[in-house]
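I have placed the structure first, in the form of structure tokens, so that the comments after it can refer back to it.
The values are calculated or read from the model by the stated rules, or taken from the named source; none is laboratory data. As the structure is a computational prediction, the values presented were derived from the model and not from experiment. All Cβ positions, even for glycine, are placed from backbone atoms using ideal geometry, and neighbour counts span all protein chains on display.
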Amino acid sequence: MNEERKLSKVKIALMRNPKFAFWSGILMVGKTSVVDDLPTAATNGRDEMYGREFVAKLGEKELAFVILHEAMHKCYRHLTTWRKLWEEDAMLANAAMDYVINLELADLGRATGVLAFPVIDGKQLGLLDEKYRGMNTKQVFDLLKQEHGNCGGEGFDEHDWEGAGKLSDEEKDALEREVDRAIRQGVLAEKRVGSGTGGRSRELEDLLNPQVNWREVLREYVKSICSGKDASSWRKVNRRFLSSDTYMPTLVSERVGHLVIAVDTSGSIGGHELANFLSEVKSIAEEVTPDKVDLLYWDGEVAGHEEYDSSTVASIINSTKPRGGGGTSPSCVSTYLKAKSIKPECVIMLTDGYVGNDWGQEWEAPVLWVIAGNTNAVAGTGQTIHIND
């Protein structure tokens, strides 16, 4: 059996094992290759590379350990999340990440019996220390610094920080969505087979239960897409100062022109959630001073369309009249916008996320999905934030 087939066999076995249901999606992220000029294994946060000689020397349990090690680097977004630590001290950053991962792998090995620390020439490879249990990478990094940079050993893989840095912004965004989707699918798969491995690391729990101030995220997203600014221009003289023989520029407004807010009214979002949504939307609209807000209510179709400008948006909660109650089809919003030639600078979709695979089609503006309650739902387009209230 050559190294490519051996690697493929072990990875497929992991994906088919119900005890590793959570990791099945992550194991499919990126490309996997066997190369001749790599002494061990490596990842750039998306793709995995394995040295041919390294794979040949490992037993199947050891290779399964290494494969999951690389998968965890990807799942925890280590090569983007902790890049600042790497820039501060590359050796300590690499060691801190491995300490976190290897504790979890050791637990998985004991629970499943199908993982083993890699051993080469009679020497066990990898960093492991119980004193770091329950910590995330930053906490381990700080302790290692206090211990004057003593890492306590060497890891068995390489971390391709340079390769991670070469990913384009588009590739990074796509990877972020793919990993997030794989995590949520993994949670569902684990529930479906009824087997959890337990002993999850602090970093995994943080991913599964993010403590996010969604209102702040929502405001910052709109501001970043449609930042309200005022710029000076000398192309048109300000007439207010001409009488005093003073030439001043005219302020050219670059504030937000147009927002679309589309609220799911298919029946699964109650009045409490709706009131919270609209209250925050009102705050955002006031903060970025839009020229126009189109408020849409939708279920299987756009059931209501209300228009507000900068002078009337403050009354949005008192004056709005939600409509709907039928099926659920986000595509009706993107279709409606196109049919009505509505071209906003940003679209905010408020929903519970129970939309199947329908996340709209051919959006002509940036889309933010605000999903209430359904933490497993991740939009197939645009950006997603989850809320619990």
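Matching residues to (1) modelled with pLDDT under 85; (2) loosely packed, with under 15 Cβ neighbours inside 10 Å:
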| site | (1), (2) |
| --- | --- |
| G155 | no, no |
| D160 | no, no |
| Q185 | yes, no |
| R192 | yes, yes |
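Taking K74 and the conditions (1) out of contact with any strand residue (DSSP E or B) (no Cβ under 8 Å at 6 or more places or on another chain); (2) within 24 Å of A93 (Cα to Cα), which numbered condition does it fall short on, given that it satisfies the others?
With (1) out of contact with any strand residue (DSSP E or B) (no Cβ under 8 Å at 6 or more places or on another chain); (2) within 24 Å of A93 (Cα to Cα) applied to K74, the lone miss is (1).
I need a count of the residues in segment 352-381 that are surrounded by fewer than 22 Cβ atoms within 10 Å (Cβ to Cβ) and aromatic (F, W, Y).
Residues flagged as surrounded by fewer than 22 Cβ atoms within 10 Å (Cβ to Cβ) and aromatic (F, W, Y) within segment 352-381 amount to 2.
Looking only at residues in segment 69-88 that are out of contact with any Gly (no Cβ under 7 Å at 6 or more places or on another chain) and of a type in the set (D, E, K, R), which one is modelled with the highest pLDDT?
E70
Go through (1) farther than 25 Å from D180 by Cα; (2) surrounded by fewer than 16 Cβ atoms within 10 Å (Cβ to Cβ) one by one and return the number of the condition L337 breaks.
Failing condition for L337: (2).
Condition check ((1) within 29 Å of the chain's Cα centre (by Cα); (2) at pLDDT below 75) across all residues:
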site: G271; (1), (2): yes, yes
site: V281; (1), (2): yes, yes
site: T289; (1), (2): yes, yes
site: L295; (1), (2): yes, no
site: E307; (1), (2): no, no
site: I316; (1), (2): no, no
site: Y336; (1), (2): yes, no
site: K343; (1), (2): yes, no
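So M28 ticks every box in (1) surrounded by fewer than 19 Cβ atoms within 10 Å (Cβ to Cβ); (2) closer than 19 Å to A111 by Cα; (3) under 20 Å from the mean Cα position of the chain (by Cα) but one. Which box is left unticked?
(2)
Which ones in segment 131-150 are surrounded by 16 or more Cβ atoms within 10 Å (Cβ to Cβ) and not in a helix (DSSP H, G or I)?
M135, N136
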